[in-house]
Structures are given as C-alpha cells and as structure tokens.
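The values are calculated or read from the model by the stated rules, or taken from the named source; none is laboratory data. What you are looking at is a predicted structure, and each value in this text was computed from that prediction instead of being measured. Here the Cβ positions follow ideal geometry from the backbone for every residue, glycine too, while neighbour counts run over all protein chains shown. Surface areas here come from the heavy atoms of the whole protein model, side chains and all, with no ligands, DNA or RNA. Shrake-Rupley method; radii C 1.70, N 1.55, O 1.52, S 1.80 Å.
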Amino acid sequence: MFASCSEDRKVYIWRQRTPAEAWEPQLLHSFEAPVWRVSWSVTGTVLAVSTGDHRVTLWKQSVDESWMRISSLSEAEN
C-alpha cells in the first residue's frame with residue numbers, strides 16, 4: 001500500500017492485493033487546497049497529509065477499510 005498526492009487536491013491510497021494484480025487507487029479525500037505532502041507514521045498505520053492552506057490532517061484506516069480523519073491542525077490554531 002502507498003499514498004499519492006497532487007495539486008489537484010486529491011489523495012489516493014493505492015493497494016495491490018496480490019503481486020499479480022494491478023495497483024488499485026482509492027480516493028482518500030478531496031481537499032480544499034493543493035496537497036503538497038503525504039507521510040506515513042513509523043508504524044505505517046497513520047497517514048499525515050499537508051495541504052497548501054497550511055493544514056495538516058491525520059488519517060487512519062478503520063476495520064471496514066474506510067479512512068477516517070483522526071486529527072487536524074492549521075497554522076491559525078498555533
């Protein structure tokens with residue numbers, strides 16, 4: 001599994017169920033600003049997303065494989 005981001009304001013989670021199968025994208029979220037970076041936690045269970053509107057959100061996959069925002073921080077909150 002890996003994550004990709006883009007100036008089109010979208011983050012995708014890519015999965016390959018088996019080595020013989022193609023990579024399949026799943027839209028994590030459409031953001032309000034371009035997405036500049038994504039980064040996995042050391043354990044690989046939380047994804048940090050940094051956007052052009054000075055926000056960082058943290059995402060975690062639930063048991064049903066959907067993604068939930070678990071935290072957010074913006075520059076204005078500092």
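Over the chain, what percent of the accessible surface lies on carbon and sulfur atoms, probe 1.4 Å? Carbon with sulfur: 52 percent of the solvent-accessible area.
Annotation: per residue accessible area for the range 14-78 equals 71 Å², rounded to a whole number [probe 1.4 Å, protein chains only]. DSSP beta bridges in the chain, what fraction antiparallel, as a percent rounded to 5? Of those bridges, close to 100 percent are antiparallel. Model label points for Ala48 and Trp67, set 7 angstrom from Cα along the Cα-to-Cβ axis, are 1.6 nm apart. Loop-located chymotrypsin sites (Phe, Trp or Tyr not before Pro) across the chain with a Cβ neighbour count of 12 or fewer within 10 Å are Trp23, with loop assigned by DSSP. Each residue, Ser6 and Trp23, gets one label point 7 Å from its Cα in the Cβ direction; the gap between the two is 1.3 nm. Listed values for the range 38-46 are Karplus-derived 3J(HN,Hα) couplings in whole Hz (6.51 cos²θ - 1.76 cosθ + 1.60, θ = phi - 60°), namely 10, 8, 7, 5, 4, 7, x, 10, 10, and x replaces Gly and Pro.
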